[in-house]
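Participant: The following block contains the structure, expressed as structure tokens.
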Amino acid sequence: MRVPVLPASVDRLLHAINDESLGYADIAQVIGESPSIALRVLGLANSAWSAPVAPITSLDMACGRLGLGVIRSVAMALVIAEVFNPAACPAFNSRRYWMSALLTAEAASLIASDSADVNANQARTAGLLRTIGLLWLADSRSEATQRALRLCETEPAGSLDHLLQAECGIGYLAAGETVARHWQLPEEIVLAAFHDCHALPEEVRLLADSVCCGVWIERELRIRDGGERSADADSVLPDARLQAVLGDIEGRLERLGQLADELCR
């Protein structure tokens, strides 16, 4: 399977998203190097979701309107959406995919923001990347991925990762790590996004734990919405802080759902 090559401008954007020293103007400048992404960002800033009082006419204004947290998530999502096309896999639900990714990223970032030892932007990126392997497989191995997704619909408590391993020869976590390493993303993000936090070196464990907590929150919200507990679920023991973030994210569901809709346009 071929991993798409990132244009140089998109590669710079991908790395800029995780640089905490960059402000609105810096990120706007990097986004401006990718015209298609810049147009989508401007479109989002002028959409009903953003609801600006006056038209947003520049990337600086768009970044200021959306806020650094949203712009980092949206820019990363648009980078991913640019290079993969899952249209040949009808069972792949783009809206569900982006809703899950945005929820995980938002929750991971909130968990990480409580610790001075964890980069919240890296946690957001790792959370957003967590299931990128599924997107790649839906693009590059559409028929096999279709079978795995259909099987998962009939056995919702089963492990999608295991079903993909059986049908495609690789699960979505291993596939995601392959993509991330091909794109030469920072090692700590790769480890945190695709590996069990308990098996990682101490210097990465807190970042990975934020992602695992983000995954748990996303799945708990899915269960509350009528879904079943999946065999892919991470072993997380919810504490008071995790429950508080769960409640916070639950209050943002409508806005995140609207953002997922915008990403699917």
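Participant: Can you pull out every residue in segment 22-49 that is at pLDDT below 90 and of a type in the set (Ser, Thr, Tyr)?
Facilitator: Tyr24, Ser34, Ser36
Participant: So, of the residues in segment 63-79 that are within 20 Å of Gln258 (Cβ to Cβ) and β-branched (Val, Ile, Thr), which turns out to be surrounded by the fewest Cβ atoms within 10 Å (Cβ to Cβ)? Walk me through it before giving the result.
Facilitator: Keep residues of segment 63-79 that are within 20 Å of Gln258 (Cβ to Cβ), which gives 63-78.
Next, from what is left, pick out any that are β-branched (Val, Ile, Thr): 70-71, 74.
Numbers: Val70: 20, Ile71: 23, Val74: 24.
My answer is Val70.
Participant: Picking from Arg95, Arg65, which residue would you name as being part of a helix (DSSP H, G or I), of a type outside the set (Gly, Ala, Ser) and over 25 Å from Leu221 (Cα atoms)?
Facilitator: Working: Arg95 fails: over 25 Å from Leu221 (Cα atoms).
On inspection, the qualifying residue turns out to be Arg65.
Participant: Shifting gears a bit: With a cut-off of at least 3 residues that are β-branched (Val, Ile, Thr), name the helices (runs of 4 or more DSSP H) lying wholly within segment 149-231.
Facilitator: Details: elements: 160-168, 172-182, 187-194, 202-224.
So the answer is 202-224.
Participant: Further question: Are any residues in segment 2-27 aliphatic (A, V, I, L, M) and under 24 Å from Cys264 (Cβ atoms), and if so, which ones?
Facilitator: Let us first name the residues in segment 2-27 that are aliphatic (A, V, I, L, M), namely 3, 5-6, 8, 10, 13-14, 16-17, 22, 25, 27.
The answer is Val3, Leu6, Val10, Leu13, Leu14, Ile17, Ile27.
Participant: Separate question: Please indicate, with yes or no, whether at least one residue in segment 118-139 is surrounded by fewer than 20 Cβ atoms within 10 Å (Cβ to Cβ), of a type in the set (Ser, Thr, Tyr) and touching a residue at least 12 places away in the same chain (Cβ under 8 Å).
Facilitator: Looking for residues that are surrounded by fewer than 20 Cβ atoms within 10 Å (Cβ to Cβ), of a type in the set (Ser, Thr, Tyr) and touching a residue at least 12 places away in the same chain (Cβ under 8 Å), one finds none in segment 118-139, hence no.
Participant: Is there any pair linking a residue in segment 186-205 that is surrounded by fewer than 17 Cβ atoms within 10 Å (Cβ to Cβ) to one that is assigned to a loop (DSSP other than H, G, I, E, B) and modelled with pLDDT of 90 or more, with Cβ under 6 Å and at least six apart or on different chains, and which?
Facilitator: Correct list of pairs: empty, since none qualify.
Participant: Being among the hydroxyl-bearing types (Ser, Thr, Tyr) and modelled with pLDDT under 95 is the filter; apply it to segment 141-180 and report the residue that is nearest to Leu14 (Cα to Cα).
Facilitator: So, considering only residues that are among the hydroxyl-bearing types (Ser, Thr, Tyr) and modelled with pLDDT under 95, the one nearest to Leu14 (Cα to Cα) is Ser159.
Participant: Return a yes/no flag: does segment 69-79 have any residue that is on the phi > 0 side of the Ramachandran plot and among the aliphatic types (A, V, I, L, M).
Facilitator: no
Participant: May I pose another question? Only one of Arg219, Arg150 is within 17 Å of Leu128 (Cβ to Cβ), out of contact with any helix residue (DSSP H, G or I) (no Cβ under 6 Å at 6 or more places or on another chain) and either surrounded by fewer than 20 Cβ atoms within 10 Å (Cβ to Cβ) or in the same structural domain as Thr104 (by TED's automatic domain parsing) (or both). Can you tell me which? Even if it seems obvious, please write down each step before you answer.
Facilitator: Numbers: Arg150 fails: within 17 Å of Leu128 (Cβ to Cβ).
So the residue among Arg219, Arg150 that is within 17 Å of Leu128 (Cβ to Cβ), out of contact with any helix residue (DSSP H, G or I) (no Cβ under 6 Å at 6 or more places or on another chain) and either surrounded by fewer than 20 Cβ atoms within 10 Å (Cβ to Cβ) or in the same structural domain as Thr104 (by TED's automatic domain parsing) (or both) is Arg219.
Participant: Now for a separate question. Go through (1) under 15 Å from the mean Cα position of the chain (by Cα); (2) closer than 19 Å to Leu13 by Cβ for Ala107 and report which single condition fails.
Facilitator: Evaluating Ala107 over (1) under 15 Å from the mean Cα position of the chain (by Cα); (2) closer than 19 Å to Leu13 by Cβ leaves (2) as the failure.
The values are calculated or read from the model by the stated rules, or taken from the named source; none is laboratory data. Keep in mind that what you see is a predicted model, and the values were worked out from it rather than measured. No Cβ is skipped: glycine too gets one built from the backbone with ideal geometry, and neighbour counts run over all protein chains shown.
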